[in-house]
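See structure below.
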Amino acid sequence: MTAPAAFAGLTALASPMQMGQLPDWTALAPVLILAVTGLVLLLIDSIDADTTNSALLAGVSTLGAAAALAATAWSLATGVGQDGGAITLFADALVVDGMSLFFTAIFTSVVVMVTIASYDYLRDHKHQGEFYSLVLFAASGMALMASANSLATVLVSLELASLPSYVLVAYLKENRGSVEAGLKYFLIGALSAAVFTFGISLVYAATGSLIFADIAEALSGGEFVGIAGLGVLMVAGGFAFKTASVPFHFWAPEAYEGAPAPVSAFLSSASKAAGFAVAFRVFVEAFPLATIPEGINWVLAFQILAVVTMTLGNFAAATQENVKRMLAYSSIGHAGYALIGLAALSAGGSANGNVLGASMAHLFVYGFMNTGAFLFIAMVERWGVGRTFEDYNGLATQAPVACVAMSVFMFSLAGLPPFGGFFSKYFLFFEAIENGFWWLAAIGALNSVLSLFYYSRVVRAMWFEDPSGSFELGSQPVGLYAAVMIAAVGTVLLLPGFPPVIETAQTVAGTLFA
Amino acid sequence: MVGAFDFVPAIVLLPFFSFLVALFLGKYMPKGGALAGITATAGSLLLSIWTVLTVAGFTGTATTYQQTLYTWAGGMEGTPLPYELTFGLLIDPLSSMMLLIVTLVAFLVHVFSLGYMNDEGETGLPRYYAGLGLFSASMLGFVVADNLLMAFMFFELVGLCSYLLIGFWFREEAPPSAAKKAFLVTRFGDYFFLIGVVAVFATFGTAAFAGDGSFPALAEAALAGEGGGDVNTLFGLDPQAWFTVVGLLVLGGVVGKSAQFPLHTWLPDAMEGPTPVSALIHAATMVAAGVYLVARMYGFYALTPTTLAIIAFVGGFTALFAATMGVVKREIKQVLAYSTISQYGYMMLALGSGGYIAATFHLMTHAFFKALLFLGAGSVIIAMHHNENMWDMGGLKDRMPTTYYTFLAGSLALAGIFPFSGFWSKDEVLYEALVHGLGGSPLLLAAWAMGLLAVFFTGFYTFRMVFLTFHGKPRTDTARNPHGVRWNVKGPLAVLAVLAVVAGFINMVPVAKLTGLEIEFLHDWLAHGPSGLTSEHYSELTHDYANYSVGTLVGGELGTALISGAVSLGLALAGAGLAYSLYNVPEPVEHTDRLGSAKDVLFNNYYQDEYQVWLANDVARGISRGADKFDQGVVDGVVNGISSVSLLSGSRVRRIQTGVVSNYAALLTLGLVALLVILGLQGGWFV
């Protein structure tokens, strides 16, 4: 066999034509890998109850998440669910397409970073096996959310992601803040789930179906506009809870502050992205602007939500004294930016796919920079340095490398070049303008300017202020350092590496509108 | 096949590496990093020679090279940028010739620095050689740039390096101040250049120098009425007027860097830097950059007659104006500084009057003889223990013959005495201005007249300098017993002296016209190259768009050439003769009193510094005060207002977060209801 022929054979092996030979369910490989890893962790925990072998637990979780990430990346690269059209499973209850894979890539990347970081963070804690398995179950729930194609699966997967999250927030059960935050999160979550479920039932009442495509078709008939509208709005409320958008955001500052910092990172990056993933799909596929009756103007709802969320998040962040709480509010502000992806849509708008894709790309970059920022907080907590801005004074003299990374995250979150956050925000605003919503972009830009104020406070405290006391940083947490560095390198590399991300995101978003 | 062009990036990178080596390892190396610099520039020189030979066709067919190396913004699918920003190379006859000049002078300056800096026991040598390396690299990068933005970036690097090197002796009082002045004055011009670059992008969507899609080609097409819709003119101007504006904006940078009136004031002060640096700045790098830029985008300038006229007039005026200031200076380097301003004026005069070849020719000969004169002056300064006052010298001829004879060769070239190189190039500059002036552009005749008059002054100040320095009796003890110089000073002088004598022979236009021999090598050299970048194309453009045509005096072109040459030679000799009669005496005295009140004006450089300081101090400060008031009162007021409103509302927002879950549940429900009411009313759900 000659060399070219061998190459041709190899290419054929990897080509989607050959892929078609695999059974369809294998397209769910990332979700399955995550779920199986969670079960394996439970198994380890039941064999060796209350194991404190952090290396084993963190290693298995990281490996599982990395394998899921690899499977996702491979599927994205070979065009699973894209080249041959979306793959639907279980009577259309689930769908695997470019968008679900794109978001799964975000979740799994975040899980990799979080599990690496947890290795150090949890070292002296009990019940580690439960912690890791809950993270992985939540992650599989999120991945399912991105694949959900029916309101029933949306509800189930959303709860699968939420229930472990409540427990994770309350993981430090000796710590009052953690427990209180977990309870509040749970109560608000229960309320939101009630609203959400009620919304689903109203939609079902109006349309007689839970499958997205059927809902869209039924809605185009124009019957029961009032009932359907109520349902749509309440469904939006459920997603607003998951994405921590105003007024469903009340749980967020407390949960992010009280939870162990890796969990805050996980919730504010991955869980939020999952909320957006499912919201994007539901509103674009089930309630499409092109055919929905005019009376159901959900774009207006998202415009209000976006403006209020980013403004409130940024204003509240500006006055915080506690860095972790500031990040919590900044995370709410970023939810407002990402909401532009839905708020700047219009029926038949030429840039609909681009603006949605830009929002997805922003969530991707956000996954790295925000996770990194929270993991830096985790490292600071591990060192036993205080939580306020003053406590960070002069930290750079002690830990310059980590502080460089944190400065990268801060500037990237603020949207300054030359970091990944600059391009993602730039494209988001640019596409919003292209689609005719210059005022949304303008409000977003004004909020970004305000955000520079409080992000730069962290940088100023670390680099320019004199330390108020002496630091006893103790040991260097290897895992945390590694996770923070991965996030920092990711944030920096996403500047030159942004074109493929935005191209993928806009392509997969474009197919939703096709 | 691997050819010379594959190594062109190395020409730029080698000095850059020497910069890094000198900067980081210089203090561990013998000679403070000098050897790295010498090796690097020697390597660049060899590669440049190879490149020139390739362009000339000695290694096969004559060829040129244009290559985009790196696209650093735009050009990717799906990105909304309408244009690409790139780094690329453009090697054509002009740039390869310039490469040769720059690398040669840079190499010789490095060698000379061994004598001027190392042997004199200066400290901070790694910093010095790092600066030289970066300076050379920046200039070389500028020379090979294939688009205006890249050229601008390296142009700025050149400016930065000049700042670093002029201020090399930063512990003394004058050098840092001179460095700042050089930086700020050239920055003032570069500000317009930057706007010009943006304007070029906005107008053409590209800043490439060469090719069918380059901005000179697009401009030409627009003016010729083909595809005029491709260019966006601003402010409702027609293309011709708008191109003039763009050309003048870019010209701002040129005027600053090439020290043309009125932005020439930084250059005499820049003499505070080490003398080898002065040689590098004046002969091959910084000052040459401006003129080179005009030559590089000559296809654009040739389209706008107004710009050409301004270039010619500014050039002619600067040539005369600077030459008159040169006649009263006491310090040897000051004389040379004003001569540089004046000589670059000639180049601008040539460019403005359609003499692209003449300007390039003078750029080359000037590089050699001015580098020679500065290095010669450096040799004298070593000998005089860093006393630069010519009135303290005298009689050095017998004590340092190598320096004397090489310096004399350079002086003869500078003064434009037959048959030294400066004669040929200056003669061609004046000839071009004259014939195009006679051909129906009277403004050029005025510029020509100023240039011609400047020849007399040039002859005078040059030989005043030579006589005061080398002739007569020694006037001080130092001059009687000068410090010796070594091979590393004499070697570069000898090389440059040879070039200063013979470089003119490559383009003896009057001789060619007289004998009919094909010896106008530079004409042939610049006539080939990428289409649109040849001298022939440029002369078509100046003819078609600026209506430059050739007019003659008696005897046709030959007669005009001979008359022009004879007149300028006569004036140069007259100036030299006057200097001879006044200063070539055993004990010369100052004759400046005879100038009467003009003396004060000349000594004070026409009060140029004073008025610029007045502009900067009184006018600009007044405006700044007003702006400051506005800023403090209105802008800060608004900003502070906004921030206190933000913080206040931020703390209000904080108060919503009470920590009580039932409050949250209530607010959440109320928020949902509010949304519901808004959407319901708007969508008519309740009817």
Would you kindly work out the equivalent ellipsoid of the protein assembly as shown from its C-alpha gyration tensor and give its semi-axes, the square roots of five times the eigenvalues, largest first in whole Å?
72, 33, 28
Going Cα to Cα from B:Lys397, which lysines come in below 30 Å? Please leave out same-chain ones fewer than 8 positions away.
B:Lys329, B:Lys333, B:Lys370, B:Lys426, B:Lys473, B:Lys490, B:Lys599
Quote the relative contact order of chain B in percent (integer), defining contacts as alpha-carbon pairs under 8 Å separated by 6+ residues.
12 percent
Buried accessible area for the A:B pair, summed, 1.4 Å probe, in Å² rounded to 100?
3000 Å²
Roughly how many Å is it from the Cα centre of segment B:652-682 to that of segment A:251-276, as a whole number?
21 Å
Give the residue list of GluC sites (Glu not before Pro) in segment B:476-555 that are DSSP loop and have at most 10 other beta-carbon atoms within 10 angstrom.
B:Glu518
Of B:Phe467, B:Val554, B:Phe420, which is farthest towards the positive pole of segment B:361-588's charge dipole, taken about the Cα centre with +1 and -1 on the beta-carbons of Lys, Arg and Asp, Glu respectively?
B:Phe467
Peptide B:662-674 - average C-beta neighbours from other chains (10 Å radius):
5
What's the local net charge at B:Leu308, with K and R +1, D and E -1, over the other residues with C-beta under 13 Å away?
-2
Calculate the dipole size of chain B relative to its Cα centre from +1 charges on Lys and Arg beta carbons and -1 charges on Asp and Glu beta carbons; express the result in debye to the nearest 20.
1860 debye
Roughly how far apart, in whole Å, are the Cα centres of segment B:279-343 and segment A:200-240?
77 Å
Which shape class applies to segment B:51-187: rounded if a/c is under 1.5, otherwise prolate when a/b exceeds b/c and oblate if not, where a ≥ b ≥ c are the square roots of the Cα gyration tensor eigenvalues?
oblate
Sort out for me the Cα centre separation of segment B:485-558 from segment B:344-400, rounded to whole Å.
20 Å
Going from the alpha-carbon gyration tensor of segment A:438-488, what semi-axes, largest first and in whole Å, does one get by taking the root of 5 times each eigenvalue?
33, 19, 6
In segment A:415-486, what chymotrypsin sites (Phe, Trp or Tyr not before Pro) fall in a loop by DSSP, with at most 12 other Cβ atoms inside 10 Å?
A:Phe464
Positive-end residue of A:Phe107, B:Phe154, B:Val380, charge dipole of the protein assembly as shown with Cβ unit charges:
B:Val380
Helix-only mean residue ellipticity at 222 nm, chain B, DSSP H runs n ≥ 4 weighted -39,500 (n - 2.57), per residue, nearest 500. What is it?
-22000 deg cm²/dmol
Helical contribution to [θ] at 222 nm, DSSP H n ≥ 4, -39,500 (n - 2.57), averaged over chain A, rounded to 500
-24000 deg cm²/dmol
Using only alpha carbon pairs under 8 Å that are at least six residues apart, calculate the relative contact order of chain A and give it in whole percent.
15 percent
Filtering chain A for DSSP H helices with an axial alpha carbon extent of at least 20 Å and a Kyte-Doolittle mean of at least 1.0 returns A:29-47, A:54-78, A:98-121, A:128-147, A:151-169, A:176-207, A:225-242, A:298-318, A:400-414, A:478-493
Where in segment A:399-493 are there GluC sites (Glu not before Pro) that are in a DSSP coil and have at most 13 other Cβ atoms within 10 angstrom of their Cβ?
A:Glu472
Looking only at Cα atoms, what is the convex hull volume of segment A:325-403 per residue, in Å³?
89 Å³
Per the charge dipole of the protein assembly as shown (beta-carbon charges, Lys/Arg positive, Asp/Glu negative, Cα centre), the residue among A:Asn53, B:Met271, A:Leu134 reaching farthest to the positive end is B:Met271
Degrees separating the helix B:148-166 axis from the principal Cα axis of chain B, which is the longest one:
60 degrees
Links exceeding 32 Å between C-alpha atoms in this model, out of B:Lys257/B:Lys513; A:Lys324/A:Lys425; A:Lys242/A:Lys425; B:Lys27/B:Lys181, come to B:Lys257/B:Lys513
Computed about the Cα centre, the charge dipole of chain A from +1 Lys/Arg and -1 Asp/Glu charges at the Cβ has a magnitude in debye, to the nearest 20, of 520 debye
What does the charge dipole of segment B:361-588 about its Cα centre add up to, to the nearest 20 debye, if the Cβ of each Lys and Arg holds +1 and the Cβ of each Asp and Glu holds -1?
1100 debye
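The values are calculated or read from the model by the stated rules, or taken from the named source; none is laboratory data. Because the structure is predicted, anything quoted here is derived from the model rather than measured. Neighbour counts run over all protein chains shown; Cβ positions are idealised from the backbone, glycine included. For accessibility, only protein heavy atoms count, side chains too; no ligands or nucleic acids. Shrake-Rupley method; radii C 1.70, N 1.55, O 1.52, S 1.80 Å.
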